[in-house]
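Visitor: Dropping a structure here in structure tokens format, bear with me for questions.
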Ligand code: GTP
Ligand code: MG
């Protein structure tokens, strides 16, 4: 799981800008502040490849990160940002529809949720959105360092139940602080890429 090459290829606003490499793509979605950028940085062992921004809701593009010329992580703007206007939300929705309805490279959706909290309405909609497009999903519960080990099972079942998670979909706990889960997620991704 040592990563030698990782770089942002493009921040795309429209399908004509999506990369042409034809590599498999793994989409990352989650509400603002859930730890998406930190997740990418931890996975690739970089401090600041995906900027951890102080301005939630600012990114309005699909960010394609080339990992080892083997796959792309596609970072989508965080949803559920309270100050996003209706127009912005509509734009977000259209961008997602464009991508999901046409992108053959898409092989997996990752849904990041905060391990501490019951999934929000937006989280549930995002999970259902993935399922609507028949994408396998990994649910990754972030900030696991904030929850005592003795409570992990309880939080895991609350999240799975709220999402009504498909038994085929995988669940992981993850922490960018302790790096818990990084190895497990890479193992699963590697196996998934070989399928
Ligand atoms: P936006 O891009 O603004 O939507 O946020 P994001 O989802 O990319 O989250 P980001 O990675 O920027 O992290 C948001 C905040 O959560 C930061 O203050 C991080 O330090 C913190 N954070 C991220 N990952 C973890 C984690 O594993 N554990 C803890 N305790 N905090 C974390
Ligand atoms: Mg971010």
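The values are calculated or read from the model by the stated rules, or taken from the named source; none is laboratory data. This is a predicted model, so every value here is computed, not measured. Don't worry about glycine lacking a Cβ; one is built from the backbone with ideal geometry, like all the others, and counts go over all protein chains shown.
Visitor: Mind telling me which of the residues 1, 69 ends up being loosely packed, with under 15 Cβ neighbours inside 10 Å and in contact with a helix residue (DSSP H, G or I) (Cβ under 6 Å, 6 or more places away or on another chain)? Don't jump to the end; show me each part of the working.
Guide: Values: 69 fails: in contact with a helix residue (DSSP H, G or I) (Cβ under 6 Å, 6 or more places away or on another chain).
Result of the check over 1, 69: 1.
Visitor: State all residues of the stretch 141-163 that are surrounded by fewer than 16 Cβ atoms within 10 Å (Cβ to Cβ) and outside any helix (DSSP H, G or I); if no residue qualifies, say none.
Guide: 148
Visitor: While we're on this one: Within the stretch 164-195, which residues are assigned to a helix (DSSP H, G or I) and in contact with a strand residue (DSSP E or B) (Cβ under 8 Å, 6 or more places away or on another chain)?
Guide: If we filter the stretch 164-195 for residues that are assigned to a helix (DSSP H, G or I), which is where we start, we get 182-194.
Residues satisfying the conditions are 184, 185, 188, 189, 192, 193.
Visitor: Let me ask another. Return yes when residue 77 is modelled with pLDDT under 85, more than 19 Å from residue 1 (Cβ to Cβ), surrounded by 14 or more Cβ atoms within 10 Å (Cβ to Cβ) and out of contact with any helix residue (DSSP H, G or I) (no Cβ under 7 Å at 6 or more places or on another chain) and no when it is not. Talk me through it step by step, then tell me what you get.
Guide: On the way: modelled with pLDDT under 85: yes; more than 19 Å from residue 1 (Cβ to Cβ): yes; surrounded by 14 or more Cβ atoms within 10 Å (Cβ to Cβ): yes; out of contact with any helix residue (DSSP H, G or I) (no Cβ under 7 Å at 6 or more places or on another chain): no.
No; evaluated as a whole, the condition is false for this residue.
Visitor: While we're on this one: Which condition does residue 45 not pass, out of (1) away from ligand 2 (no atom under 11 Å from the Cβ); (2) at pLDDT below 95; (3) assigned to a strand (DSSP E or B), if it passes all the others?
Guide: Evaluating residue 45 over (1) away from ligand 2 (no atom under 11 Å from the Cβ); (2) at pLDDT below 95; (3) assigned to a strand (DSSP E or B) leaves (3) as the failure.
Visitor: Separate question: Scan the stretch 38-49 and report the pairs whose first residue is closer than 12 Å to residue 183 by Cα and whose second residue is part of a helix (DSSP H, G or I) and within 11 Å of ligand 1 (Cβ to nearest atom), with Cβ atoms within less than 7 Å and a gap of 6+ or a chain change.
Guide: Note: pairs meeting the criteria are 42/182; 43/182.
Visitor: If I ask for residues that are in contact with a strand residue (DSSP E or B) (Cβ under 7 Å, 6 or more places away or on another chain) and without any contact (Cβ under 8 Å) to a residue 60 or more places away in the chain, which ones from the stretch 101-127 would you list?
Guide: Selection gives 115, 119, 127.
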